[in-house]
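J.: I am attaching a structure below and will ask some questions about it afterwards.
The values are calculated or read from the model by the stated rules, or taken from the named source; none is laboratory data. As the structure is a prediction and not an experimental result, all values here were calculated from the model. With ideal geometry, Cβ positions are generated from the backbone for all residues, glycine too; neighbour counts draw on all protein chains shown.
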Amino acid sequence: MAPAIRAMEGKIQSAVVLRFIKRAFRNGKRVRLKVRFISSIERRSSVYSEYYAKRGSQRNDLLSNPEVVFQAFAVERANIAALRAASLDRDNARVLDVGCGSGTSLLQFLRLGFRSENLVGVDSDAERISDGRKLLPTVELVCGSAEALGYADGTFDLVSESTMLGTLASQELLRSIANEMIRVTKPGGYIMLTDWRYSRKGSGVATAMSNAEVGGLFHVGEQTDLVRREKGALVPPLGRALSRRLPSFYFLTQACIPLAVGQITTLLKKR
């Protein structure tokens, strides 16, 4: 029975009271377990806190750290190409960013001509939402759960996320968020995912958002269709080194060595 217990522990790593589960199996009793998964705020806050505590608050600062400049360029370039394929009416399109943090991901929409009154961001971290409201006072930023978005079906023309899904380990939580993102997208609307396709210990990426992972979570071929994938930032050790020391080779490397691309922007269209 021990292997079965270990297998269950792996599946419910964010559950509470694993000791109770072991005791139930030893007694041969069948029990109904209500598993409480770690919320998105707990998981993401832990990831970001550990990341910046270990690597410093200036780790991703564009002005002080040249390692991230071309990484940021690559992400924005990929997002722009994906949004171009969406052909949205920027004067009227309603956009929701799920896991928006302090709203920095929404800045790209403003730069590209989307109207601030049509932009919405949702994050479960109240402190980051408070910071975002100072940064973007005309944008609607809401403290709420990505698992239960407080909007009617088909509210938004575009729903996006940026490196949020990959921080989550629970498949149940990922499926809940993906289903909510699909639900609030208009039929014929778009879902844009910008996330890492590789994961490794210590990277902060708990779930690699590979093509297969995205396809399963967002029911590609059933509820959504793939519009395009765009290559974004290189895997951090390589991308950061090139950005600092050989920036002229950054996009050449991206074009010639596909496996070196760590981040992908995926654009889906809801049926």
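J.: Out of everything in the stretch 147-169 that is in contact with a Lys or Arg (Cβ under 8 Å, 6 or more places away or on another chain) and of a type in the set (Ser, Thr, Tyr), what residue ends up being modelled with the highest pLDDT? Walk me through it before giving the result.
T.: Restricting attention to the stretch 147-169, the residues satisfying the condition of being in contact with a Lys or Arg (Cβ under 8 Å, 6 or more places away or on another chain) are 149, 153-158, 164, 167-169.
Okay, now just the ones that are also of a type in the set (Ser, Thr, Tyr), so 155, 167.
Numbers: 155: 98, 167: 94.
Selected residue: 155.
J.: Scan the stretch 47-72 and report the pairs whose first residue is closer than 21 Å to residue 250 by Cβ and whose second residue is modelled with pLDDT under 80 and small (Gly, Ala, Ser), with Cβ atoms within less than 9 Å and a gap of 6+ or a chain change.
T.: 65/56
J.: Yes or no: residue 194 buried (at least 20 other Cβ atoms within 10 Å of the Cβ), more than 20 Å from residue 269 (Cα to Cα) and touching a Gly at 6+ places or on another chain (Cβ under 9 Å)?
T.: Numbers: buried (at least 20 other Cβ atoms within 10 Å of the Cβ): yes; more than 20 Å from residue 269 (Cα to Cα): no; touching a Gly at 6+ places or on another chain (Cβ under 9 Å): yes.
Answer is no for this residue.
J.: Any chance the stretch 139-146 includes a residue that's under 20 Å from residue 214 (Cα atoms) and modelled with pLDDT of 95 or more?
T.: So in the stretch 139-146, the residues under 20 Å from residue 214 (Cα atoms) come out as 146.
Narrowing the set further to residues that are modelled with pLDDT of 95 or more leaves 146.
Yes, that holds for at least one residue.
J.: Could you grab me the full set of residues in the stretch 76-89 that are out of contact with any Lys or Arg (no Cβ under 7 Å at 6 or more places or on another chain) and surrounded by fewer than 22 Cβ atoms within 10 Å (Cβ to Cβ)? Let's see the steps before the verdict.
T.: Going residue by residue through the stretch 76-89, those that are out of contact with any Lys or Arg (no Cβ under 7 Å at 6 or more places or on another chain) are 76-77, 79-81, 83-84, 86-89.
76, 77, 80, 81, 84, 86, 87, 88, 89 - these are the residues of the stretch 76-89 that are out of contact with any Lys or Arg (no Cβ under 7 Å at 6 or more places or on another chain) and surrounded by fewer than 22 Cβ atoms within 10 Å (Cβ to Cβ).
J.: Oh, and also: Of the conditions (1) among the polar types (S, T, N, Q); (2) without any contact (Cβ under 8 Å) to a residue 12 or more places away in the chain; (3) touching a Pro at 6+ places or on another chain (Cβ under 9 Å), residue 203 fails just one. Which one is it?
T.: (2)
J.: Take the residues in the stretch 207-260 that are in contact (Cβ under 8 Å) with a residue 60 or more places away in the chain and within 18 Å of the chain's Cα centre (by Cα); name whichever of them is nearest to residue 175 (Cα to Cα).
T.: The first filter runs over the stretch 207-260 and keeps only residues in contact (Cβ under 8 Å) with a residue 60 or more places away in the chain, leaving 227-228, 230-234, 236, 239-244, 247, 250-251, 254.
From the residues that got through so far, the ones that are within 18 Å of the chain's Cα centre (by Cα) too are 228, 230-234, 236.
On the way: 228: 21, 230: 23, 231: 24, 232: 24, 233: 25, 234: 27, 236: 27 Å.
Only one residue tops the list, namely 228.
J.: Is there any pair linking a residue in the stretch 142-169 that is surrounded by 17 or more Cβ atoms within 10 Å (Cβ to Cβ) to one that is of a type in the set (Phe, Trp, Tyr) and at pLDDT 95 or above, with Cβ under 6 Å and at least six apart or on different chains, and which?
T.: Going by the 6 Å Cβ cut-off, the qualifying pairs are 158/190; 166/196.
J.: Of everything in the stretch 206-243 that's among the acidic types (Asp, Glu) and over 22 Å from residue 255 (Cβ atoms), which residue is surrounded by the fewest Cβ atoms within 10 Å (Cβ to Cβ)? If you could, list the steps in order and put the result at the bottom.
T.: Step one: of the stretch 206-243, the residues among the acidic types (Asp, Glu) are 213, 222, 225, 230.
From the residues that got through so far, the ones that are over 22 Å from residue 255 (Cβ atoms) too are 213, 222, 225.
Working: 213: 18, 222: 9, 225: 12.
By that ranking, first place goes to 222.
J.: Right, here's the next one. Counting only residues that are within 23 Å of residue 182 (Cα to Cα), small (Gly, Ala, Ser) and out of contact with any helix residue (DSSP H, G or I) (no Cβ under 8 Å at 6 or more places or on another chain), how many does the stretch 105-153 have?
T.: Selection size over the stretch 105-153: 4.
Here's the yes/no breakdown for (1) part of a loop (DSSP other than H, G, I, E, B); (2) among the small types (Gly, Ala, Ser); (3) within 16 Å of residue 185 (Cα to Cα):
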{"position": "69", "(1), (2), (3)": "no, no, no"}
{"position": "78", "(1), (2), (3)": "no, yes, no"}
{"position": "83", "(1), (2), (3)": "no, no, yes"}
{"position": "91", "(1), (2), (3)": "yes, no, no"}
{"position": "101", "(1), (2), (3)": "yes, yes, no"}
